[in-house]
Amino acid sequence: MRFVEAGALDDLSYEEITSSLHPEPGDTVYVSRLRDGREVKISREKIIPLLQRRIKQLETEVSIIAILCSGEFPKFKSKVPLLFPEKLLKAFVASIVGQSDRLGVIIPLREQINYAKNKWRKFSKNLEVTHISPYSSGDGEFKKVAEELK
């Protein structure tokens, strides 16, 4: 088995990403980490065509593609199966959380809180959403957030 790691942002410089993919008012904001470790905010709406292009490039090289982002995406055209962590995560949460159970959701950006509340509220009436960057935060910060959700 061979693994190929390729991203929609790979062909772009930091400057190109921050200028052309920056979220506009009303866009859904996603966050990604570049290969050099820098964190960037990107527009879901603007990244979709780049993802489709990368899928088209990869489908001749691989037998399955995993989109390693927990955000929501449209149905992409692909000759190979596509795996979306977001769909797997929702199915898992639905199988273990009841409406009266408390559900804590941790997201990378403060700007994503309303988006996350809308996405997860159908799973629990007792929903808590907080934010912390998975890319620039340390263990102590994660422990603090986990304690807040207890």
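Quick note: the coordinates plus some simple rules give every number you see, no bench work behind them. What you see is a predicted model; the values in this text were computed from it and never measured. All Cβ positions, glycine included, derive from the backbone under ideal geometry; neighbour counts span all protein chains shown.
With +1 on the Cβ of every Lys and Arg and -1 on the Cβ of every Asp and Glu, and nothing else charged, how large is the dipole of segment 14-86 about its Cα centre, in debye rounded to the nearest 20? Let's see the in-between values first.
Working: 12 positive and 11 negative charges, 55 e Å.
Rounded to the nearest 20 debye, it is 260 debye.
What residues qualify as long-range amide H neighbours of Thr28, i.e. H under 5 Å apart, gap of 5 or more or another chain, H built at 1.01 Å from N?
Arg44, Glu45
Filter the GluC sites (Glu not before Pro) in segment 18-84 down to the DSSP loop ones having no more than 15 other Cβ atoms within 10 Å, then list what survives.
Details: sites: Glu39, Glu45, Glu59, Glu61, Glu72; in loops: Glu59, Glu61, Glu72.
Those satisfying the criteria are Glu61, Glu72.
How large is the dipole of the chain about the Cα centre if only Lys and Arg carry +1 and Asp and Glu carry -1, each at its Cβ, rounded to the nearest 20 debye? Show your work: numbers first, answer last.
Details: 25 positive and 21 negative charges, 137 e Å.
Magnitude of the dipole: close to 660 debye.
Gaussian network model of the chain, Cα springs within a sub-10 Å range: biggest mean-square fluctuation belongs to which of Asp101, Asp36, Asp11?
Greatest mean-square fluctuation among the candidates belongs to Asp36.
For P(r) over Cα pairs in 10 Å bins from 0, in percent, the choices are (1) 9, 21, 12, 12, 17, 19, 9, 1; (2) 10, 34, 36, 19, 2; (3) 10, 39, 33, 16, 2; which was calculated from the structure?
(2)
Using the charge dipole of segment 106-150 (Lys, Arg: +1 at Cβ; Asp, Glu: -1 at Cβ; taken about the Cα centre), state which of Pro134, Val145, Tyr115 has its Cα farthest towards the positive end.
Of the listed residues, the answer is Tyr115.
Just want the ordering: Phe76, Phe3, Phe92, from fewest to most Cβ atoms lying within 10 Å of their own Cβ. If you can, show how the numbers build up before the last one.
Numbers: Phe76 16, Phe3 6, Phe92 11.
Ranking Phe76, Phe3, Phe92 by Cβ neighbours within 10 Å, fewest first, gives Phe3, Phe92, Phe76.
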